[in-house]
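The values are calculated or read from the model by the stated rules, or taken from the named source; none is laboratory data. In this text the structure is predicted, and so the values were computed from the model without any measurement. Note: ideal-geometry Cβ built from the backbone for every residue, glycine included; neighbour counts use all protein chains shown. Ligands, DNA and RNA are stripped out before the accessible areas are found, and what is left, the full protein with its side chains, is counted by its heavy atoms. Shrake-Rupley method; radii C 1.70, N 1.55, O 1.52, S 1.80 Å.
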Amino acid sequence: MFLPADKSDEVDLKKTYDAIVVGSGAAGGMAAHVLTSHGMQVLLLEAGKKLNINKELKSMEWPYDHPRRGDMPPDSHAISGNEYTIRQPPYAAGSAYKHVYSYILDGNGSDYAKNIVVDEKDNPYTGTQYAWVRARCLGGKTNIWGRLALRLSDYDFKAASRDGYGEDWPISYADIEPYYDKVDLYLGISGHKENLPYLPDSLFQRAVRLNPAEVQLRESLAKMGRVLTPYRAGVTTDGLKHNKYRSRCYGRGACDRRVGGCDIHAAFDSPTGLIYPALDTGNLTLRTNATVYEVTVDKDTGKAGGVSFIDTDTGKTYAAKGRSVLLAASTLESARLMLLSKSSLYPNGIGNSSGHVGHNFCEHLMGPGVNGLVKELVGKPRTLDDGRPGSFYLARFRNLSDRNPKFLRGYGFEGGSGCGMFPDSASMPGFGSDYKKKVRDYAGAFIGMGGFGEVLPRYDNYVELDPEVKDKWGVPVLRFHIKFGDNEKKMAEDMADSAREMFQAAGIEVLGVNREILTEGYSIHELGTSRMGADPKKSVVNQFQQSHDVPNLLVVDGSTHVSASCQNPTWTIMALCWRSCDHLADQLKKGNV
């Protein structure tokens, strides 16, 4: 597998690019891919470094080959789940540690991802408790994402019409379905068709196999009218002939040995899946270590004229010019950038005449779940289960045909079971040969799952600029005003209750039920803040993610979600971005933007 040379092109500051893309994750990479395929000259700016992810992850390195068995140096610290609940941000303030990272590194193999995520000391934020996971490097969080790739349906796009809460999206499933198909075929996705109207099928490659415990649960759930399906992973299991930078998945068993990521690139990541092929067109200029702090404005036309950025290493400032600007810095960072971009024409921030930038935040709540034991599997021969990029997904079943009296919308579960290199049973009490035998006997008999529930968008869940606190580069940081409401709390209760009931119905011994809701932000699925809509007074962008105020400014990341649904957002973000960039390329060629 060939990887391109580790270099970034110098930005031609005298040149006016057809498009400037801010951020290189799922959305930024997709924008670069689509626009360069249309022959557009594109400048892609990334705040972090271009890392050799293969050397970072080292997924086949054994723990005993690492000086600290994968742990970070003693001068580094990962924020624990409990710290988020008892402290207020900025979480690294006053810390005795030299480096502080988000909870995502609070586990095994933290040393392999410390260069991918941000140092909280350099990147503070304030306000309400929030577990913000950020990655500043080429590819962003796609380097370590969880790989679950799901589609939304009209149960999501038209949710407001179904239950009366919030706003409908200005699009339907029919509008985005062709672009979901394009993403499936270009990037590869593993899964099994179920023909569910509320969880549309993709154009799947070979699915992962469910193991005996998961099949037992699937068959029991079918009797309840519920569907457990093999994990729908953004992973190519059959290979991609059109991409020389990626390999098919061959089940090495390394998916769970690190914080995340895939160093053979069977799992989608933005650099190998999108950016490197875009560089091969000759139409893409890549500039890493470029922290954008302002979208500049042409005072005569009111359009976006380009961006101003800081060299992350030297602190020097630069300006680049573009016929269009696409924000793909992640939901919260894109909102921050729009609020920072104040001018005489846009005193409240660019594209913010509605006052909705930063508002209507939504995401997924996590925490409630269940762990159990399938007694019939104790002592059975070991199976190979950690060679899978995921185990199973249990689709939403609440508020579909009936109406739950306690809460709106729905939730799904991610889970798994089986034998792994590091068995869950190793935490059992004991010592000596009897203990070792017990660990082996129980290794493949445990099963667990955790819920992901839809958080309703609310105007009073928002972020704003902190008037006092700045980051390492002197840029004002975000101040959070985000809290779960009664709907989320009632949903969480039902998640825990239903999880227990489903395990019991399947004949699985329940070992524990978790009812605690994790801190806001834990899902890493931040959405909203610049929602799309037809009414400029109640939304920030139109159905093609163009600013109502500034037609050559697009926001193409999760910011434009009108609602969160309960499905993971990555595939939807990329499908929407592809659709919007096709539209933008057409409009640029016609001279309409």
Q: Enter the accessible area per residue of the range 400-545 (Å², integer; probe 1.4 Å; all protein chains in place).
A: 45
(Q) Between the range 169-218 and the range 496-545, how far is it from one alpha carbon centroid to the other, in angstrom? (A) 19
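Out of the range 237-292, which chymotrypsin sites (Phe, Trp or Tyr not before Pro) are coil in DSSP terms and have no more than 15 other C-beta atoms within 10 Å? All intermediate terms of the calculation are to be shown ahead of the outcome.
Numbers: sites: TYR245, TYR250, PHE268; in loops: TYR245, TYR250, PHE268.
Here the chymotrypsin sites (Phe, Trp or Tyr not before Pro) that fit, given the DSSP loop and packing criteria, are TYR250.
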Q: Please identify which residues in the range 105-133 have an amide N closer than 16 Å to a label point set 7 Å out from the Cα of ARG87, following the Cα→Cβ vector.
A: 105-107, 118-133
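Roughly what % of Cα-Cα distances in the range 345-452 sit above 21 Å, to the whole percent?
On the way: 3367 of 5778 pairs.
For the range 345-452, the fraction of Cα-Cα distances above 21 Å is 58 percent.
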Q. Angle between the Cα long axis of helix 173-187 and the longest principal axis of the chain, 0 to 90 degrees, nearest 10?
A. 80
Q. Using a simple spin-label model with points 7 Å from Cα along the Cα→Cβ vector, what separation in nm is obtained for GLU493 and ASP313?
A. 5.6
Q: Output the Kirkwood hydrodynamic radius of the chain, Cα pairs only, in Å rounded to one decimal.
A: 24.4
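Counting only protein heavy atoms and using a 1.4 Å probe, what share of the accessible area of the chain belongs to carbon plus sulfur, as a whole percent?
Details: 11100 of 22860 Å².
Answer for the chain is 49 percent, counting heavy atoms of protein chains only.
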Q) Where does the charge balance sit around VAL513 when Lys and Arg score +1, Asp and Glu -1, over other residues with C-beta under 14 Å from its C-beta? A) -4
Q. At each listed q (0.14, 0.17 Å⁻¹), what is the log10 of I(q)/I(0) that the Debye formula gives for the range 494-548 modelled as equal alpha-carbon point scatterers?
A. -0.62, -0.68
Q | Zone of MET60's modelled label, taken as backbone nitrogen in the range 222-253 under 12 Å from a point 7 Å along Cα→Cβ | A | 250-253
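So how many Å³ per residue does the convex hull of the Cα atoms of the range 431-541 work out to?
On the way: hull volume 24.8 nm³, N = 111.
Measuring per residue, one finds 223 Å³ for the Cα hull of the range 431-541.
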Q: Just subtract the alpha-carbon distance of THR281 and ASP181 from 0.36 nm times their residue separation and send over the number in nm, one decimal.
A: 33.7 nm
Q: Evaluate Rg over Rh across the range 283-355, taking Cα atoms for both radii and Kirkwood's formula for Rh.
A: 0.97
Q: Counting only C-alpha contacts under 8 Å and six or more residues apart, can you give the relative contact order of the chain as a whole percent?
A: 21
Q: Please give every one of the aspartates and glutamates within straight-line cross-link reach of LYS241, meaning a C-alpha to C-alpha distance under 18 Å, and leave out same-chain neighbours fewer than 8 residues apart.
A: ASP181, ASP184, ASP269, ASP280
